[in-house]
Amino acid sequence: MDTPPHLHESLRALRERGLRIALATNAIYPLAAVNVRLGWAGLSVEDFDAVSDIESSSWVKPDPGYFQQIARRLEVAPEDCLMVGNDPFHDLAASQTGMK
């Protein structure tokens with residue numbers, strides 16, 4: 001898999017601005033599998049402040065509890081989060097928690 005253009009630079013720029021970053025992939029894989037999948041893009045779980053996985057998540061998308069749990073892991077209010085996703089059905093449920 002090719003790494004998306006500017007992915008590493010974008011993550012670095014966000015981090016330099018003091019923003020916390022979560023990988024909010026649907027929590028259906030164990031953490032080891034999530035890390036392998038991230039490796040395909042040249043990333044690892046260490047590149048994120050929070051990562052969802054089946055072992056540590058209580059909910060899956062599109063349950064609002066999933067997004068609330070991500071915000072708690074980041075130690076921020078859902079209203080202070082921006083959810084960037086690729087699936088309207090699963091990801092827009094974040095707005096029910098106050099996420100933009």
Exercise. Near the amide H of residue 51, under 5 Å away, which other amide H atoms are found, from residues 5 or more places off or on another chain, if H is placed in the peptide plane?
Worked result: 23
Seminar exercise, completed: Note, the stretch 61-70: 3J(HN,Hα) by Karplus (6.51, -1.76, 1.60, θ = phi - 60°), whole Hz, Gly/Pro = x, goes 5, x, 5, x, x, 4, 6, 5, 5, 4
Seminar exercise, completed: In the stretch 2-100, the GluC sites (Glu not before Pro) that sit in a DSSP loop and have at most 15 other Cβ atoms within 10 Å of their own Cβ are 55, 75
For this session: Any chance you could list the semi-axes, whole Å, largest first, of the equivalent ellipsoid that the Cα gyration tensor gives for the chain, using √(5λ)?
Result: 20, 17, 13
For this session: Restricting things to alpha carbons, find the Rg to Rh ratio for the stretch 46-100 using the Kirkwood radius for Rh.
Result: 0.93
Seminar exercise, completed: Within the stretch 17-88, DSSP-loop trypsin sites (Lys or Arg not before Pro) with at most 16 other C-beta atoms within 10 Å are 17, 20
For this session: For every helix of n ≥ 4 consecutive DSSP H residues, a contribution of -39,500 (n - 2.57) applies; sum these over the chain, divide by its total residues, and give [θ] at 222 nm rounded to the nearest 500 deg cm²/dmol.
Result: -9500 deg cm²/dmol
Exercise. Which of the chymotrypsin sites (Phe, Trp or Tyr not before Pro) found in the chain are loop residues per DSSP with 13 or fewer other Cβ atoms within 10 Å of their Cβ?
Worked result: 40
Seminar exercise, completed: In whole Hz, the Karplus estimates of ³J(HN,Hα) for the stretch 71-86 (6.51, -1.76, 1.60; θ = phi - 60°; x where Gly or Pro) are 4, 4, 5, 7, 6, 9, 6, x, 5, 9, 10, 10, 8, 10, x, 10
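Taken together, the values in this text are just the output of simple stated rules run on the coordinates, not laboratory data. For clarity, every value in this text was computed on a predicted model and none was experimentally measured. All Cβ positions, even for glycine, are placed from backbone atoms using ideal geometry, and neighbour counts span all protein chains on display.
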